[in-house]
Amino acid sequence: MMTVRDMIAALSLEILCAGDLDRPVSGAYCGDLLSRVMGRAQQNSAWVTIMGNRNTVAVALLADVSAVILAEGVVPEDAALERAEAEGVTLLRSEQSAFALCAALAALPV
């Protein structure tokens, strides 16, 4: 079983906010339409997005994902970082595109 910590190491992700790094990662979801993510992302998945606002953190909580990965070097708003820290949401970042991240995630043993 892969954990968030394992995923961070495998993909060389930057930690912006560390929630539960030992939480399992059982898949991934890629999307930026928040209502779609709420209905489609599976519990314990890694969510790849370019949305760096505080609503992203709220959706991560509702969808119960293991981590949010901001693609393309997106810098989250201060309000998003504050909310992630307050709620214990793992917020990560990569310079890679969402496509590249998803391809790399698909190759990992989940």
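Compute the long axis of helix 78-87 from its Cα atoms, compare it with the longest principal axis of the Cα atoms of the chain, and write down the angle in degrees, 0 to 90, nearest 10.
70 degrees
Accessible area, 1.4 Å probe, largest first: how do Glu14, Glu85 sort? It would help to have the intermediate numbers written out before the result.
Details: Glu14 80, Glu85 120 Å².
My answer, sorted largest first, is Glu85, Glu14.
Work from the charge dipole of region 37-85 (Cβ charges, +1 for Lys and Arg, -1 for Asp and Glu, about the Cα centre) and give the residue of Ala67, Met51, Met38 farthest towards its positive end.
Met38
Rank Cys102, Cys30, Cys17 by accessible area, highest first, at a 1.4 Å probe radius? Display every interim value, and only then the final one.
Working: Cys102 40, Cys30 65, Cys17 10 Å².
The ranking, largest first, comes out as Cys30, Cys102, Cys17.
If each residue of separation counts as 0.36 nm, what is the full-extension length gain between Ala9 and Asp22 once their alpha-carbon separation is subtracted?
Net length gain for the segment: 3.4 nm.
Under 17 Å from a point placed 7 Å out from the Cα of Ala106 along the Cα-to-Cβ direction: which residues of region 47-76 have their backbone N that close?
Of the residues in region 47-76, 47-49 have backbone N under 17 Å from the label point off Ala106.
Given the C-alpha centroids of region 1-52 and region 83-110, what is the distance between them in whole angstrom?
When both Cα centres are located, 5 Å separates them.
For a quick check, take a GNM of the chain with Cα springs below 10 Å and name the residue from Leu13, Leu34, Leu70 with the largest mean-square fluctuation.
Leu34
How far is helix 54-63 tilted off the main Cα axis of the chain, in degrees rounded to 10, range 0 to 90?
That helix lies at roughly 50 degrees to the long axis.
Tell me the net charge near Glu14. Cut-off is 13 Å between Cβ atoms, Glu14 excluded, with +1 for each Lys or Arg and -1 for each Asp or Glu. Intermediate values should be presented prior to the final figure.
Working: positive: Arg93; negative: Glu72, Glu95.
Counting the neighbours of Glu14, the net charge comes to -1.
Based on Cβ point charges of +1 for Lys and Arg and -1 for Asp and Glu, what charge dipole magnitude is obtained for region 1-85 about its Cα centre, in debye rounded to the nearest 20?
On the way: 6 positive and 11 negative charges, 64 e Å.
Once rounded to the nearest 20, the dipole reads 300 debye.
Quick one: compute a quarter of the convex hull surface over the Cα atoms of the chain and quote it in nm².
Projected area, direction-averaged: 5.4 nm².
Given the DSSP H assignment, sum -39500 (n - 2.57) over each helix run of at least 4 residues in the chain and divide by its residue total; what's the result at 222 nm in deg cm²/dmol, nearest 500?
-11000 deg cm²/dmol
The values are calculated or read from the model by the stated rules, or taken from the named source; none is laboratory data. Just so you know, these numbers come straight off a predicted model, no measurement behind them. In this analysis, Cβ positions are derived from the backbone assuming ideal geometry, glycine residues included, and neighbour counts consider all displayed protein chains. SASA here: full protein model, heavy atoms, side chains in, ligands and nucleic acids out. Shrake-Rupley method; radii C 1.70, N 1.55, O 1.52, S 1.80 Å.
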